[in-house]
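Participant: Dropping a structure here in structure tokens format, bear with me for questions.
The values are calculated or read from the model by the stated rules, or taken from the named source; none is laboratory data. Values in this document were obtained by computation on a predicted structure and should not be read as measured data. With ideal geometry, Cβ positions are generated from the backbone for all residues, glycine too; neighbour counts draw on all protein chains shown.
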Amino acid sequence: MALHEDVILKPGDALSVTDVQNDFLPGGALGVPGGDRIIPPLNRIIALFHKGRLPLFFTRDWHPPDHCSFQSQGGPWPPHCVRDTPGADFASGLNIPRGAVIISKGTQKDSEQYSTFYGQDAAGRAQSSLMKTLGVRRIFIAGLATDYCVLNSAKDALAGGYEVYVISDAVCAVEVHAGDGQKAVEEMLRGGAKMVTTDKIRRKQ
């Protein structure tokens, strides 16, 4: 996997932290193996963006109890991230600065939504629209899971004309099938995304 060299943050950058929720952590209803290991690098990069006063988005699955993705409704997944339950809460160790934008997705019973791009904030504004309003040009994507929501968010961002960096030490794959995570990385790279680690991202001195 080719990793990008140092990246200096600048105006027009935004960080999107994808679905770091209790149900996606080990022991959760749809736990990603090793998913909790990404929290320390995530917190470092969140602090970097926050100090630089750059936009921060925290996305979450926020499903109704009878969501179409659930096995009880014929979907592929066990019930997870049901709105207003502990499983849908953000991980307790995740630092969410004041002023960060919370984006909810998968809120409609009959609509699956892996990509964060068309999830909405509390006022009903899509993440994609908010980023345009804020003048975002480069989006850094991290979180869970590499092979589903990170992948589809990156694809939508690329299709929207954004420069996309996936933070490789702050993502983790669910791996329903062995190798799914690597396949997702390769697909994102083919689409034009760049891979970078948290230690390569820094603010201008």
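Participant: For the range 6-20, what are the residues that are of a type in the set (Val, Ile, Thr) and in a strand (DSSP E or B)? Spell out how you get there, then give the answer.
Facilitator: Taking the range 6-20 as the starting set, the residues that turn out to be of a type in the set (Val, Ile, Thr) are 7-8, 17-18, 20.
Once the filter is applied, which keeps residues that are of a type in the set (Val, Ile, Thr) and in a strand (DSSP E or B), the range 6-20 yields Val7, Ile8, Val17, Thr18.
Participant: Another question about this same structure. Could you tell me whether any residue of the range 44-64 is basic (Lys, Arg) and surrounded by 17 or more Cβ atoms within 10 Å (Cβ to Cβ)?
Facilitator: Yes, that holds for at least one residue.
Participant: Hand me the list of strands (runs of 3 or more DSSP E) wholly inside the range 118-205 holding 2 or more residues that are at pLDDT below 95 and of a type in the set (S, T, N, Q). Step through it out loud before you land on a result.
Facilitator: Working: elements: 138-144, 163-172, 194-196, 201-203.
Passing ranges: none, list empty.
Participant: Another question about this same structure. Got a number for residues in the range 96-117 being assigned to a loop (DSSP other than H, G, I, E, B) and over 18 Å from Ala47 (Cα atoms)? So that I can check it myself, show each step before the final result.
Facilitator: Initially, the range 96-117 is screened for residues assigned to a loop (DSSP other than H, G, I, E, B), giving 96-100, 106-117.
Cutting the leftovers down to over 18 Å from Ala47 (Cα atoms) gives us 106-117.
Residues in the range 96-117 being assigned to a loop (DSSP other than H, G, I, E, B) and over 18 Å from Ala47 (Cα atoms): 12 in total.
Participant: Do we find a residue being more than 17 Å from the chain's Cα centre (by Cα) and basic (Lys, Arg) anywhere in the range 148-171? Steps first, please.
Facilitator: Step one: filter the range 148-171 for residues more than 17 Å from the chain's Cα centre (by Cα), giving 161.
Subsequent filtering for residues that are basic (Lys, Arg) retains none.
No, the conditions are met nowhere in the range 148-171.
Participant: Let me ask another. State all residues of the range 168-193 that are of a type in the set (D, E, K, R) and surrounded by fewer than 19 Cβ atoms within 10 Å (Cβ to Cβ); if no residue qualifies, say none. Give the derivation first.
Facilitator: In the first step, residues of the range 168-193 are kept if they are of a type in the set (D, E, K, R); the result is 169, 175, 180, 183, 186-187, 190.
Listed by number, the residues that qualify are Glu175, Asp180, Lys183, Glu186, Glu187, Arg190.
Participant: Further question: Just checking, which of Ala126, Ala122, Ala170, Ala154 is hydrophobic (A, V, I, L, M, F, W, C), under 24 Å from Asp89 (Cα atoms) and touching a residue at least 40 places away in the same chain (Cβ under 8 Å)? Write out each step before concluding.
Facilitator: Values: Ala126 fails: touching a residue at least 40 places away in the same chain (Cβ under 8 Å); Ala122 fails: touching a residue at least 40 places away in the same chain (Cβ under 8 Å); Ala154 fails: touching a residue at least 40 places away in the same chain (Cβ under 8 Å).
From the options Ala126, Ala122, Ala170, Ala154, the qualifying one is Ala170.
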